[in-house]
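Pasting in a structure now, in structure tokens, and then I'll have a few things to ask.
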Amino acid sequence: MRPLYLKLTAFGPYKDTEIIDFTKLGDVQLFSISGNTGAGKTTIFDGIAFALYGRASGSDREDNRLLRSDFAEDHVHTSVELVFTIKEKIYRVLRQPGHIKKGNKTKTGEKYELFEITDLQEISIVDRQIVSEIDKKIEELIGLTQDQFKQIVMLPQGEFRKLLTSETENKEAILRRLFKTEHYKYMNEILRQKKSTFEQSYNRVSDQLDQTMKQISSIFPLRENSKLQDVFQAEYYNVQQVLEAMNDEKVYYQHEIEKKNQQYISSYKNHDTALKEYYAAKHINEQFDQLRVKKLHSQELMNKEADIHQLENQLKAAELAQRIEPSEQYVLNYQKQLQEKEIQLKTLTKKEQQASEQLKLVTSQYKKEEEKSEQREKVSIYINQLESYLPIVEQLDSERNEINSLNNQINQQEHKIREDRQLLDRREKEQESLAEKIKELTKQVEKASELNKRLTELRQIGKLLQRLISLQKEESNIQYKYQQTKKAYENSKKQYQEMEQNWINNQAFVLASHLHDGVECPVCGSTAHPKKASMEKQPITKEALESLQNQMEEKNHSWQEQQVALSSNKSSLNEVFTELNEWGVLLDEPSKTFNEIVQEGKQLAEKEKEIEQAKEKRNQYEERLEQQKQEDKENKEAFEHLKQKYQDLFALIQTKQASHTEKKRQVPEEFHQLSELKANLRNQKQQKQEMDQAWKDIQQQYQQITQWHLEIRSEVKNYQKQITELNKQVEKANKTFEQKVSEAGFTLGTYHEAKLEENIYVEHKQQVEMYNQEKQQLDSQIKELEATLAKEEKQDLGYLEERLRDLKRDFEQNLNQLNTLKKYNQEIYSIKDRMEVLHNEVAETENNLMVITEIYDVLRGQNQKKVSFERYLQMEYLEQIIEAANYRLKDLSNGQFYLTRSDRQESHGRQSGLALDVYDTYTGQTRDVKTLSGGEKFNASLCLALGMSDVIQSFQGNVMIQTMFIDEGFGSLDEESLTKAIDTLVQLQKSGRLIGVISHVQELKDILPATIEVKKTKEGYSHTNLIVK
């Protein structure tokens, strides 16, 4: 990834839109970013990181709400737009998170975009322009996560040293994020859960097996002297012993079941034979009882034989009577019809008399109504005359109502015109008053810009004064530490020099102790030794001297660190002094000046609050005035319209009244009122309707009565004819009936006695048939039983029942004993099978538990070195990083330092293997990297970051690191180290990388070929300027 164009809007200290065009660098690959403290240098890195990953570059600035500029106008949205190239393609990403405007409750303006820029157009490379899809696509394009990007591309202030100096747990977290080893951590958790599951399963199955063995003695009895009893009586026993004893029990019960089964079969056969003999004897006795009962019943039937013969004779007579009954029915039907016709004839005769009388009355009324025809004609003519007046009178009435309504309207409009005129006058006075108030408030509001400018100046000066006071306090503390560390170093140096001299003297004594007269001295070659060295003090070992040397070097490092801190503090103080001088602030008493500024700021803040209230009030008045003007414009238009409407209405009333007077002359005065005319017309129409209806009714009634009279007379004649015919038919049917009665041998009396009702006839017939059938069946059964029992005798069942009970008792006892043995045998099979299944399951579960435990222990680092599988992989990655880092650290340290991974054990049983040590070739000692000086730490951290860049590129595959940004750190280097660090960066940029460095070191700014200057204005916000030398 290589940036081409960065656009920051309302972002950090940048109030408006700030554009940084990286293409202006041309072939320059190395540039610096310079500016005063707090101007916004790091914000440029934050903008790039935010555009790509949605978060700032440093962990202390990852709250996106803090990224919005405090100087931005409320209507301006915070946004970052970055155009960058990667793998010869150009992309544009925009992130505009939105913010809550004043007066709103929710965010507005949120917008996110990611496009590929081609020669012709921009092409969206995500399905939806939303944060999640853009984040995923950016990571796919660059090939790095945000954590990897911060470690190898953008090295935030102080954070790229974390890998060097952090504790083991922090290194583990960093390496886990960079090389994505977290799934091994999750695998540990999964295996731990599986191990717990297998342990629970093993314990559950083991408990089930123990419970099953304990249940054996409660399910079936333990035989005396059996192997199973011996096993359970022993203090300890295992599953295999119990299973072998269960096999013996199986053999015993199978033998007992065969033996008892033979006894059961024998007793069952004896009982079955006795049972058959008993039921045969019982059946013979039951047949003797049946024969006796049937003979008694046969005698009862013989006693009913006479009654049955009598019923049969009655049935024969009834059947003859049934054949004659249809003829009798003909006679009765004709007689009935004759009676009905005679009754109807009498009724019709009465109706004929009534019809004649009504016809006479209706004829008289008809003649009277016929004489009223002239009167009906006069009424019709009068009605026509009244109806001709009706439309004119209706118009008169409508016009009268309309004129009255118009008069009411014109009265209302006169009243409304007076009210509207008063309202307009009153509103005009109110607007004059509002305009005066707005004018007074505007004078107050106009002072706001000067006040805001002064407040901004005070805030900036206050921040600088706070920083000055803090730096001065810090300077005293650093100065004190500087003197202390310097004194400690000088004392340690003096002590070391003294001990070194003593050690040298002691070495001379050792040499002198080996000199003898006549033997050459290895130092001067003399054979005479007149003054041999003597030991003046206690002997000093080389180890003690080296230990004191290490202490001296540590104190020297501490003194150098304080020197760097003091230098950095003075540099910061000079920057603050310079900026405060630009503001014209007196620096004699910073605390007093700060308190005065705070007090002035509070007073101005109160005034600002008053101005804001005045501004808000003025806005309210202006809105109210504008609203009233708009309303008055509408009210005046409505007032003019109302006046015009009044004039039009007055002219219309004059026209209506003239037309009304002309129409009144066309109608008699008594009919001028519509209600009177309608009432008279209604009465005349009702009179005519009544007369017409009376004439119509009498005509209809006369016609109906005449028709009715003729119809009745015709019916009377018809009924008289039908009665004559029915008399003849009755006489003929009666002769036929009497002839059939005589032929059947009946008189009329005996005929009626012989007839039976249908239900009685059926009942008697069924009774006779049932009697004959039952008697026949009973006689047959008696003959069969007598033939069957001819050679048999009645049996004694008491003896047979007693013998059967004895055999049944013996049979049931054998059966119960057999079932008990089978039950015990089945329980043995069931328990044994269950024990074998559980035993196998225990073995399998135990094996699985051992396997998973072994794997879990390997992955979680249950070994002598306390190294988990994830930690082992992280150690391998760290070794690769160290190897790549040492390649550059060798040059930066002139071959003095080499980084090594330490295997020292961590305390409290924690995992080890990620600690870093440094090997010093000058002393031949290996020590913790924390003992390095500030500059040495920077060099080591830079090399680690570059080494990590190399390893991650290899780890990620097709990833090209084309850019690197470094924030601060060069101020702790001496001149030689700074030169070497710059040489390293130059070597990197020769490989095609674009490298940006934030630093306050003037030498670095002067050496680098391009600079982005960040300058803060007196108002507090900043601007950038790209300079290529």
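The values are calculated or read from the model by the stated rules, or taken from the named source; none is laboratory data. Fair warning: this is a prediction, and the values are worked out from it, not measured in the lab. Don't worry about glycine lacking a Cβ; one is built from the backbone with ideal geometry, like all the others, and counts go over all protein chains shown.
I'd like to verify a number: residues in region 133-147 that are farther than 16 Å from PHE50 by Cβ and surrounded by fewer than 16 Cβ atoms within 10 Å (Cβ to Cβ), how many?
So the answer is 3.
Given the criterion closer than 20 Å to ILE134 by Cβ and in the same structural domain as ILE117 (by TED's automatic domain parsing), identify the matching residue among LEU6, LEU66, LEU25.
Numbers: LEU66 fails: closer than 20 Å to ILE134 by Cβ; LEU25 fails: closer than 20 Å to ILE134 by Cβ.
After applying the criteria, what remains is LEU6.
Can you spot a residue in region 836-856 that is modelled with pLDDT of 85 or more, among the small types (Gly, Ala, Ser) and within 60 Å of the chain's Cα centre (by Cα)?
Yes; the residues of region 836-856 include at least one that is modelled with pLDDT of 85 or more, among the small types (Gly, Ala, Ser) and within 60 Å of the chain's Cα centre (by Cα).
Turning to a different aspect of this structure: Restricting to region 881-926, name every residue that is at pLDDT 85 or above, under 27 Å from ILE952 (Cα atoms) and surrounded by fewer than 17 Cβ atoms within 10 Å (Cβ to Cβ).
GLU883, TYR887, LYS890, GLY895, GLN896, THR900, ARG901, TYR919
Now, a different point. Looking at region 1005-1029, which of its residues are out of contact with any strand residue (DSSP E or B) (no Cβ under 6 Å at 6 or more places or on another chain) and either among the aromatic types (Phe, Trp, Tyr) or farther than 30 Å from THR456 by Cα (or both)?
Selection gives ASP1006, ILE1007, PRO1009, LYS1029.
Let me ask something else about it. So for region 596-607 (the condition being within 60 Å of the chain's Cα centre (by Cα) and under 26 Å from ARG426 (Cα atoms)), does at least one residue qualify?
Within region 596-607, not a single residue is within 60 Å of the chain's Cα centre (by Cα) and under 26 Å from ARG426 (Cα atoms).
Residue-wise test of (1) touching a residue at least 60 places away in the same chain (Cβ under 8 Å); (2) among the hydrophobic types (A, V, I, L, M, F, W, C); (3) surrounded by fewer than 17 Cβ atoms within 10 Å (Cβ to Cβ).
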position: GLN151; (1), (2), (3): yes, no, no
position: GLU172; (1), (2), (3): yes, no, no
position: PHE179; (1), (2), (3): yes, yes, no
position: ARG192; (1), (2), (3): yes, no, yes
position: PHE198; (1), (2), (3): yes, yes, no
position: SER206; (1), (2), (3): yes, no, yes
position: THR212; (1), (2), (3): yes, no, no
position: VAL231; (1), (2), (3): no, yes, no
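Further question on the same structure: So is TRP708 assigned to a helix (DSSP H, G or I) and touching an Asp or Glu at 6+ places or on another chain (Cβ under 6 Å) or not? First the steps, then the outcome.
Values: assigned to a helix (DSSP H, G or I): yes; touching an Asp or Glu at 6+ places or on another chain (Cβ under 6 Å): no.
For TRP708, the condition - assigned to a helix (DSSP H, G or I) and touching an Asp or Glu at 6+ places or on another chain (Cβ under 6 Å) - is not met.
Another one. Please go through region 14-36 and pick out each residue that is in contact with a helix residue (DSSP H, G or I) (Cβ under 6 Å, 6 or more places away or on another chain), in a loop (DSSP other than H, G, I, E, B) and either within 21 Å of TYR1021 (Cα to Cα) or not polar (S, T, N, Q) (or both).
Passing the criteria: only ASN36.
Next up: Here's a check for you: in region 653-707, which residue that is of a type in the set (Val, Ile, Thr) and closer than 13 Å to VAL362 by Cα is surrounded by the most Cβ atoms within 10 Å (Cβ to Cβ)?
Restricting to residues being of a type in the set (Val, Ile, Thr) and closer than 13 Å to VAL362 by Cα, the top hit is ILE705.
Restricting attention to region 587-622, which residues are more than 30 Å from LEU434 (Cβ to Cβ), in contact (Cβ under 8 Å) with a residue 60 or more places away in the chain, in a helix (DSSP H, G or I) and not acidic (Asp, Glu)? Spell out the reasoning first.
Of region 587-622, the ones more than 30 Å from LEU434 (Cβ to Cβ) are 587-603.
Checking which are in contact (Cβ under 8 Å) with a residue 60 or more places away in the chain leaves us with 587, 590-591, 593-594, 597-598, 600-601.
Next, from what is left, pick out any that are in a helix (DSSP H, G or I): 590-591, 593-594, 597-598, 600-601.
Correct list: PRO590, SER591, THR593, PHE594, ILE597, VAL598, GLY601.
Still on this model: Give me the pairs, please: first residue somewhere in region 573-586 and under 12 Å from LEU471 (Cβ atoms), second residue anywhere and of a type in the set (Asp, Glu) and surrounded by fewer than 18 Cβ atoms within 10 Å (Cβ to Cβ), beta-carbon distance under 9 Å, and either six or more positions apart or on two chains.
LEU573/GLU475
Another question, then. Does GLY992 satisfy the criteria of being within 50 Å of the chain's Cα centre (by Cα), outside any helix (DSSP H, G or I) and at pLDDT 80 or above?
no
Need the failing condition index for LYS269 against (1) over 30 Å from MET213 (Cα atoms); (2) touching a residue at least 40 places away in the same chain (Cβ under 8 Å); (3) of a type in the set (Lys, Arg), just the number.
Every listed condition holds for LYS269 apart from (2).
Can you pull out every residue in region 685-718 that is in contact with a helix residue (DSSP H, G or I) (Cβ under 9 Å, 6 or more places away or on another chain) and of a type in the set (Ser, Thr, Tyr)?
TYR702, THR706
Hey, among the residues in region 708-753 that are hydrophobic (A, V, I, L, M, F, W, C) and free of Cβ contacts under 8 Å to residues at least 40 places away in the same chain, which one's nearest to LEU315 (Cα to Cα)?
Looking only at region 708-753, we keep the residues that are hydrophobic (A, V, I, L, M, F, W, C), and these are 708, 710, 712, 716, 723, 726, 730, 733, 737, 741, 744, 746, 748.
Pick out the ones that are also free of Cβ contacts under 8 Å to residues at least 40 places away in the same chain and you get 710, 748.
Numbers: LEU710: 58, LEU748: 18 Å.
Ranking the qualifying residues of region 708-753, first place goes to LEU748.
Only one residue in LEU359, LEU291, LEU301 is among the aliphatic types (A, V, I, L, M), modelled with pLDDT under 85 and under 30 Å from LYS721 (Cα atoms), so which one is that?
Only one candidate qualifies: LEU359.
Would you say GLU936 is of a type in the set (D, E, K, R), farther than 17 Å from ARG176 by Cβ, at pLDDT 85 or above and not assigned by TED's automatic domain parsing to the domain that holds SER547?
Taking the combined requirement at face value, the residue does not satisfy it.
Then there's this: Residue under question is SER780, and the condition is that it be among the polar types (S, T, N, Q) and modelled with pLDDT under 85; does it hold?
no
I've got another one for you. Looking at region 796-845 only, could you name the residues that are of a type outside the set (D, E, K, R) and either under 25 Å from ASN203 (Cα atoms) or assigned to a loop (DSSP other than H, G, I, E, B) (or both)?
Scanning region 796-845 gives ILE828, TYR829, SER830, ILE831, MET835, VAL837, LEU838, HIS839, ASN840, VAL842, ALA843, THR845.
If we scan region 95-108, do we find a residue that is assigned by TED's automatic domain parsing to the domain that holds ALA1010, at pLDDT 90 or above, closer than 28 Å to ILE125 by Cβ and of a type in the set (S, T, N, Q)?
yes
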